[in-house]
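Participant: This is the structure I want to talk about, given as structure tokens.
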């Protein structure tokens with residue numbers, strides 16, 4: 001619709017498209033499995049954000065990076081301090097799945113597999 005034929009990795013449009021793609025996958029998951037849970041986001045008074053909150057149990061941050069660092073976890077860590085959710089995920093292009101401070105860092109394709 002925008003006439004964009006190629007998205008340059010790490011561009012603003014690329015980041016938005018990746019986040020939107022994950023949003024649509026989450027919506028499809030909730031709809032397909034008839035989960036009556038809201039899909040929302042979270043923002044602190046200090047401006048920290050988490051892209052998606054499913055119900056009151058799962059927080060999901062989406063980053064288009066291929067190398068997750070501790071700075072990418074900031075929003076999720078602040079949310080963890082609020083003790084709102086039970087599960088925390090950071091979804092990215094980083095192919096090394098791992099757990100850091102109870103945050104599951106997952107390659108986006110692996111994350112989509114657990115939605116099934």
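The values are calculated or read from the model by the stated rules, or taken from the named source; none is laboratory data. It should be emphasised that the depicted structure is a prediction, and the values quoted were computed from it without experimental measurement. Every residue, glycine among them, receives a Cβ derived from its backbone with ideal geometry; neighbour counts consider all protein chains shown.
Participant: Just checking, which of 116, 98, 109 is within 15 Å of residue 25 (Cα to Cα) and over 14 Å from the mean Cα position of the chain (by Cα)?
Facilitator: One residue alone meets the criteria, 116.
Participant: Okay, moving on. Exactly one of (1) out of contact with any strand residue (DSSP E or B) (no Cβ under 6 Å at 6 or more places or on another chain); (2) within 21 Å of residue 107 (Cβ to Cβ); (3) not in a helix (DSSP H, G or I) is unmet by residue 5. Its number?
Facilitator: (2)
Participant: Let me ask something else. For segment 29-50, enumerate the residues that are under 27 Å from residue 102 (Cβ atoms) and not in a loop (DSSP other than H, G, I, E, B).
Facilitator: The answer is 29, 30, 39, 40, 41, 42, 43, 49, 50.
Participant: Quick check on segment 82-95: of everything there that is more than 13 Å from the chain's Cα centre (by Cα), at pLDDT 95 or above and under 17 Å from residue 57 (Cβ atoms), which residue is surrounded by the fewest Cβ atoms within 10 Å (Cβ to Cβ)?
Facilitator: Per the criteria, the residue is 86.
Participant: Go over the candidates 91, 53, 84 one by one and state the one that is in contact (Cβ under 8 Å) with a residue 60 or more places away in the chain and either in contact with a helix residue (DSSP H, G or I) (Cβ under 6 Å, 6 or more places away or on another chain) or not in a helix (DSSP H, G or I) (or both).
Facilitator: Every option except 91 fails the conditions.
Participant: Mind checking which residues of segment 1-31 are exposed (fewer than 11 other Cβ atoms within 10 Å of the Cβ) and modelled with pLDDT of 95 or more?
Facilitator: 24, 31
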